Amino acid sequence: MIGVARSEWHDQEFRDHARGAVLAAWPDVPAEVLDRLCGRLHLVTGDYGQLSTFDALATTLAEHGARLPVHYLAIPPALFPTVVESLSLAGLTTSSRLVVEKPFGRDLASARELNRVLHAHLDESQVFRIDHYLGKESVEDLLVFRFTNSMFEPLWNRNHVESVQITMAESIGVEGRGSFYDSVGALRDVVQNHLLQVVALLAMEPPVGPEPKHLADEKVKVFAAMRPLDCASLVRGQYAGYLDEPGVAPGSTTETYVAARFEIDSWRWAGVPFFVRAGKGLAASATEAVVVLREPPQQLFNESGPPGPARNLLRFVLGRNDGVTFTLNAKAPGPELDSQPVDISVDFASALGRRAEAYERLLGDAIDGNPRRFGREDMVEETWRVLQPALDRPGPVYPYAMGSWGPAEADAVPSGPGWLPPKAAPSGGVAPGSGL
Ligand code: BG6
């Protein structure tokens with residue numbers, strides 16, 4: 001494992017740093033494992049702008065007999081083209097793989113240009129575009145849940161589904177990443193990649209087979225059927241205090257919150273809105289996708305009690321405490337035929353045990369040359385096409401208080417029951433839209 005950085009460190013400082021980081025995250029790591037790992041770390045120092053850095057990397061790789069290296073570009077996005085060209089000039093792209101961190105471009109034109117640069121030096125089969133949500137077991141579960149449980153497929157369409165809501169709420173702010181985040185914003189940071197991938201997994205047709213190509217083909221069909229984002233159903237927000245974060249430009253209008261309505265023009269989904277919201281500095285941390293089923297055609301009961309029955313919900317918890325909850329109605333205790341919502345829940349950690357971390361799986365996949373959990377060129381370009389109107393005409397950015405659920409303007413985005421409070425939200429919290 002060879003690091004490339006501008007620092008003045010030698011191998012030993014790099015190894016000490018890695019040892020400290022691993023021990024901080026995993027104090028009980030077996031000593032021999034950690035020793036073996038650290039013994040394999042080396043550092044090449046140099047500037048990414050200088051070809052000599054890449055020649056030194058080539059020499060170090062040769063010294064260690066590396067035959068099929070994986071170059072992992074966790075670097076500022078603006079440097080991707082320079083680094084790829086330099087790797088190529090140093091003869092390091094012919095027999096290698098390249099992992100590119102997100103964001104992959106900042107709009108459709110720059111994503112196309114980046115793909116052009118990559119393809120000038122590498123074959124698509126050598127390129128691995130990281131989206132760590134694709135490495136989450138809970139996100140992959142959407143695929144397995146849908147296509148291994150035949151009971152849901154008859155419901156999974158416009159006849160039974162009223163809407164779909166996807167929430168990615170983070171209580172933290174930008175946490176020292178102000179200058180990176182300010183040039184990106186929530187739409188580019190998490191919607192173009194993580195959340196549209198979740199939409200695709202929920203909306204796609206069954207793949208014709210299990211191969212990476214089969215999955216990617218179906219996802220691309222979903223994105224291709226998506227209408228360009230209508231700016232009238234987009235609300236952007238910025239938490240109070242964001243402008244004081246180090247690295248944020250004075251007067252910045254970058255959004256730390258976004259709520260939007262996506263439409264998929266397909267036989268399965270025409271007329272079913274997919275509501276997506278994501279934000280930092282919110283009241284809770286929770287990532288969820290909720291499939292909201294239509295109300296029964298007649299309201300036979302609940303004459304005396306609360307309005308109801310509640311809509312059936314199928315809630316996929318994708319973040320911490322991941323699992324699935326099905327909200328049904330049962331007879332409320334008492335003399336009347338009133339209904340009351342009840343949950344059937346599975347907590348995956350208790351039911352299934354430890355699952356691997358996203359990056360553990362993704363870097364392993366790249367080493368194995370398996371593209372299944374990575375973004376493909378056409379997929380990435382289609383998602384930018386969908387977002388492009390919002391990038392061209394972003395509209396106003398509304399302020400919201402840290403610890404709230406975003407700007408009040410966003411409450412008007414979803415139809416039906418309004419935003420559903422995430423399951424992980426604190427009780428008695430300020431989650432709006434609980435009017436089921
Ligand atoms: C990253 C974003 O891709 O995902 C961050 O750049 C965000 O801004 C993070 O905080 C969230 O990831 P997770 O796995 O905690 O949902």
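Rule-based calculations on the coordinates, nothing more; no lab input. Quick caveat: nothing in here was measured; it's all calculated off a predicted structure. Here the Cβ is made from the backbone with ideal geometry for all residues, glycine too, and neighbour counts use every protein chain on show.
To the nearest 20 debye, what is the magnitude of the charge dipole of segment 170-241 about its Cα centre, counting +1 on the Cβ of each Lys and Arg and -1 on the Cβ of each Asp and Glu? Please report the intermediate quantities before stating the final value.
Numbers: 7 positive and 9 negative charges, 30 e Å.
Charge dipole of segment 170-241: 140 debye, to the nearest 20.
Cross-link partners among lysines for LYS219, C-alpha distance below 26 Å, same-chain residues fewer than 8 apart left out?
LYS102, LYS136
Using only Cα atoms, what Kirkwood radius does the chain have, in angstroms?
23.8
Report P(r) for segment 68-145: all Cα-Cα distances, bin width 10 Å, range 0 to the bin holding the largest distance, values in whole percent.
18, 48, 25, 10, 1
Report Rg(Cα)/(2.2 N^0.38 Å) for segment 121-250, keeping two decimals.
Its radius of gyration relative to the 2.2 N^0.38 Å reference: 1.28.
For LYS331, give me every one of the lysines with a C-alpha distance below 23 angstrom, ignoring sequence neighbours fewer than eight places off in its own chain.
LYS423
Sequence neighbours fewer than 8 away in the same chain don't count; with that in mind, list the aspartates and glutamates whose C-alpha is under 13 Å from LYS213.
Excluding near neighbours in sequence, the set is GLU124, GLU377, ASP378.
For all pairs of alpha-carbon atoms in segment 105-147, what percent lies in each bin of width 10 Å, listed from the first bin to the last filled one?
Histogramming segment 105-147 at 10 Å steps yields 23, 34, 28, 15 percent.
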